[in-house]
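First the structure, in the form of structure tokens, and then the observations on it.
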Amino acid sequence: MTFQVPRMDERESRAWLALVWTAELLPAALDAQLQADAGMTHFEFMVLSTLQQAHGGTLRTKELAAAVNATMPRLSRVVGKLAERDLVERVAGAGDARVVNVRLTTAGRRELVRAVPSHIELVRQLVIDRLSRDQLDALAEALEPLVESLDPQSRRGILSDRTPST
């Protein structure tokens, strides 16, 4: 009996490689822009953005890690660096010393506001302006089911409707 190696047809391969290369190249471009213009990494930007969207600018560390798809050690290192720059602060949970919340500071909110315009400009330049309205709709329709499949608990992104657990 011979083993048949699975293969993709030309359409499947083209779509898959376009997705893989976008996933590889886009984060590096976003990171370089944010480093140059705002002195922060794309991951730091995502942490600050997620906190800004949260009720009171505060989230439990565990919730923040889930929202930005980070391990606890990675998030802890980045929160430490952001805290050294006074962009976030660690706050003990009310009534439970084991709970640590992360809060966006006024300085953090200010730095995020400064970073957004050039970040959006690059996103438009690299993605939005290169696609027609129909292509943007098709892109969202194609990728949203993948995101749902990869993140069935909807941990990512907007947490503003949830109140921080303290």
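Size estimate for the stretch 52-100 follows the Kirkwood approach: the inverse of mean 1/r over distinct Cα pairs works out to 11.4 Å. Translational diffusion coefficient of the stretch 1-92 (Stokes-Einstein, Kirkwood radius from Cα pairs, 25 °C, 0.890 mPa s): 155 µm²/s.
A compact globular protein would have a Cα radius of gyration near 2.2 N^0.38 Å; the ratio found for the stretch 88-142 is 1.86. In the chain the Cα-Cα distances spread across 5 Å bins starting at 0 as 1, 8, 13, 17, 18, 14, 11, 7, 4, 3, 2, 1, 0, 0 percent of all pairs. Looking at the stretch 1-85, the accessible area is 67 square angstrom per residue; that uses a 1.4 Å probe and ignores ligands, DNA and RNA. Computed packing ranks the peptides 105-116, 14-25 as 105-116, 14-25, most packed first, by mean other Cβ atoms within 10 Å.
Here the 3J(HN,Hα) profile of the stretch 61-70, calculated from phi with Karplus coefficients 6.51, -1.76 and 1.60 at θ = phi - 60°, is 4, 4, 5, 5, 4, 5, 5, 9, 6, 10 Hz, Gly and Pro shown as x. Largest first, the three principal axis extents of the alpha carbons in the stretch 22-61 are 33, 21, 14 Å in whole numbers.
Just checking the listed ones, Q135, Q35, Q53: in the Gaussian network model of the chain with Cα springs under 10 Å, the one fluctuating most is Q135. Here the contact order of the stretch 72-112, divided by its residue count and restricted to Cα pairs under 8 Å and six or more residues apart, works out to 33 percent. Each Lys or Arg adds one and each Asp or Glu subtracts one; over the other residues with Cβ under 11 Å from the Cβ of T106, this totals 0. Which of the helices in the chain meet the span-like rule: DSSP H, Cα axial reach of 15 Å or more, Kyte-Doolittle mean at least 0.0? Answer set is 10-38, 42-53, 72-84, 133-150.
The values are calculated or read from the model by the stated rules, or taken from the named source; none is laboratory data. These numbers come from a predicted model, not from an experiment. Positions of Cβ are backbone-derived with ideal geometry, glycine not excepted, and every protein chain shown enters the neighbour counts. Surface accessibility is based on the protein's heavy atoms, side chains included, excluding ligands, DNA and RNA. Shrake-Rupley method; radii C 1.70, N 1.55, O 1.52, S 1.80 Å.
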